1. What residue, of B:20, B:87, B:6, is charged (D, E, K, R), touching a residue at least 24 places away in the same chain (Cβ under 8 Å) and within 27 Å of residue B:287 (Cα to Cα)?
2. Could you check how many residues of segment B:61-77 are closer than 20 Å to residue B:45 by Cβ and surrounded by fewer than 19 Cβ atoms within 10 Å (Cβ to Cβ)?
3. Give the residues of segment B:252-284 that are in contact (Cβ under 8 Å) with a residue 60 or more places away in the chain and farther than 27 Å from residue B:133 by Cβ, sorted by residue number.
4. For segment B:133-169, how many residues are loosely packed, with under 11 Cβ neighbours inside 10 Å and assigned to a loop (DSSP other than H, G, I, E, B)?
5. Does residue A:95 meet the test of being among the hydroxyl-bearing types (Ser, Thr, Tyr), in contact (Cβ under 8 Å) with a residue 60 or more places away in the chain, within 25 Å of residue A:141 (Cα to Cα) and not assigned by TED's automatic domain parsing to the domain that holds residue A:133?
6. Cβ-Cβ distance below 7 Å, separation of 6 or more or different chains: which pairs start in segment B:230-245 with a residue that is closer than 16 Å to residue B:272 by Cα and end on one that is in a helix (DSSP H, G or I) and aliphatic (A, V, I, L, M)?
7. Which ones in segment A:42-51 are of a type in the set (Val, Ile, Thr) and either buried (at least 18 other Cβ atoms within 10 Å of the Cβ) or in a strand (DSSP E or B) (or both)?
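The values are calculated or read from the model by the stated rules, or taken from the named source; none is laboratory data. For clarity, every value in this text was computed on a predicted model and none was experimentally measured. Ideal geometry is used to build each Cβ from the backbone, glycine not excepted, and the neighbour counts take in all protein chains shown.
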Number of protein chains: 2
Amino acid sequence: MAVYTDITEDDLIRFLAAYDVGALTSYKGIAEGVENSNFLLHTTKGSYILTLYEKRVNAEDLPFFLGLMHHLAERGLSCPLPLPRADGKLLGTLSGRPAAVITFLEGMWLRKPEAQHCREVGRALASMHIAGEGFPLKRANALSVAGWRPLWQNSEARADEVQSGLKDEIAAELAYLEDHWPKGLPEGVIHADLFPDNVFFLGDRLSGLIDFYFACNDFLAYDLAVCLNSWCFEKDGSYNITKGMALLSGYESVRRLTADEVAALPLLARGSALRFFLTRLYDWLMTPAGALVVKKDPLEYLTKIRFHRAIVSSAEYGLRREEASA
Amino acid sequence: MAVYTDITEDDLIRFLAAYDVGALTSYKGIAEGVENSNFLLHTTKGSYILTLYEKRVNAEDLPFFLGLMHHLAERGLSCPLPLPRADGKLLGTLSGRPAAVITFLEGMWLRKPEAQHCREVGRALASMHIAGEGFPLKRANALSVAGWRPLWQNSEARADEVQSGLKDEIAAELAYLEDHWPKGLPEGVIHADLFPDNVFFLGDRLSGLIDFYFACNDFLAYDLAVCLNSWCFEKDGSYNITKGMALLSGYESVRRLTADEVAALPLLARGSALRFFLTRLYDWLMTPAGALVVKKDPLEYLTKIRFHRAIVSSAEYGLRREEASA
């Protein structure tokens, strides 16, 4: 739930005068996104999302995020399109914060996605990877392997409060991943956070991808590993290979994985699970008791780390190819 | 900010099948209302608000609230209209909560209302009082004079934590109001919470009243006293008599106050200020530190209590009539 900054209708109307959006008829703070304040606007021309970028977002990254959405939308990917202002810029200032107006995507995120939706997500992810080619700006992935140790050092001392033995297990996992992290895989722009709440569907048709505020340059297959973790496990912690097959074959119907990517997938999946484990652990330990924030359970991702650690070949994820069993 | 209950798109689509609203295209939790969970729905037919009533709302009161909105809207007042289900009922069940679909009112609440807006609010409040005539259901005002002592007893012991001397001052104020509370004033259905965030404007035109979840039967002039407190004071605590005149004359352009009401207004204003002081004090003392809830300052209302205590005649509020100076 996120509305950190209120805005007055006077300020908003003045701000919107620079956009070709018609006259404002209503605006509501919406409970989406955890980093920024988001408002759903109705105007005489339609619906829009207004985002105010709060302090947790580095303002220097905004041209990358907004430029990327623009780049992807121009190449036919269904994602929110930042509207240009009269001066041609994608970013303005409102209530003292950097702010952007983006198109409103109709659609709903699926609380209980099924295999057919995983296939659609795989396809859309690969399409995004291809559409991202040629985007000139760069942004390093601050939450990839080099970022995990500093994150871990903030929680390490208290990790056993969450579960006994956690400190040693994660320390060993982190050391292993630092030593064995793959090199030289195909790189490009990745979404890096394509969880179900960032993918909209209208009926069974995928209507768009949203929330590009973790997007960065990294291994393309790492993005697929994030999706394996966030789309293909059941609530009880079990891996659903039918969903895995659907996700992977959907992806490969658009972009075929290289042999190196296939071989690296279990390690990428472990790393991706560790990344979400670490940020959740940090939030879990640091969020004050009584705060009205839904704390996500880090242990969900510990289960996933352990699952991936036992994987011998990507075939076990449901990847149907000769290389997978090599 | 209020989304206490999440809903799945499957459950929502099933729930909406009983309503004549077309096909769902999106739903967003919105940061409005503190008692309930609210979602803004887009469908192929338009925009709607879906409200899930949380535990703080007594389910037995819902027929009163929803029936009242229906009654008022039918009599031409601009307010959200609860949609009937296929079975004719205004209330259904979703995610285990009582739930209603109401029309979406375009408009914005004013963060900085001016005198002209106070006049519109006065007019709308009187129109609501008249439109409420004939509504057959009754609901006592749990937050009128009889409800203040129990509320006070929950905070009394810790009141001086907020400001030294507060305990004695409020105890005396409460005792005075209990002894002198008016009797026999004109009664009817009142809104009881018509703060600026519950009144929408499109430009300078009032487009509707919302949030009838404190509505009840009580003195009509008490409702006007609530508005004097919530619309006619400046941020520095000073009373703006231009706004007061506008509010009162707007009200009287639709419904003329009786001499008894005029005479009782200062006392009603003190009582209304005490009511909001007490609920704010309670929330202030009971909300855990670190909770992401905006705590409203009870002392804002202490200033108002003191202002009203010094009022000799309703003329000081800006009421322009002979009786006011009697």
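1. After applying the criteria, what remains is B:6.
2. Of the residues in segment B:61-77, the ones closer than 20 Å to residue B:45 by Cβ are B:69-70, B:73.
Of the ones still in play, those that are also surrounded by fewer than 19 Cβ atoms within 10 Å (Cβ to Cβ) are B:73.
Final tally of qualifying residues: 1.
3. Matches in segment B:252-284: B:270, B:274, B:277, B:278, B:279, B:281, B:282, B:284.
4. Residues flagged as loosely packed, with under 11 Cβ neighbours inside 10 Å and assigned to a loop (DSSP other than H, G, I, E, B) within segment B:133-169 amount to 6.
5. no
6. Matching pairs, first to second residue: B:231/B:121; B:231/B:247; B:232/B:247; B:244/B:228.
7. Applying the first criterion (of a type in the set (Val, Ile, Thr)) to segment A:42-51 yields A:43-44, A:49, A:51.
Scanning segment A:42-51 gives A:43, A:49, A:51.
Each row is one residue, and each column tells you yes or no for (1) modelled with pLDDT of 95 or more; (2) within 13 Å of the chain's Cα centre (by Cα); (3) more than 17 Å from residue A:141 (Cβ to Cβ).
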{"position": "A:203", "(1), (2), (3)": "no, no, yes"}
{"position": "A:206", "(1), (2), (3)": "yes, no, yes"}
{"position": "A:211", "(1), (2), (3)": "no, yes, no"}
{"position": "A:231", "(1), (2), (3)": "yes, yes, yes"}
{"position": "A:241", "(1), (2), (3)": "yes, no, yes"}
{"position": "A:260", "(1), (2), (3)": "yes, no, yes"}
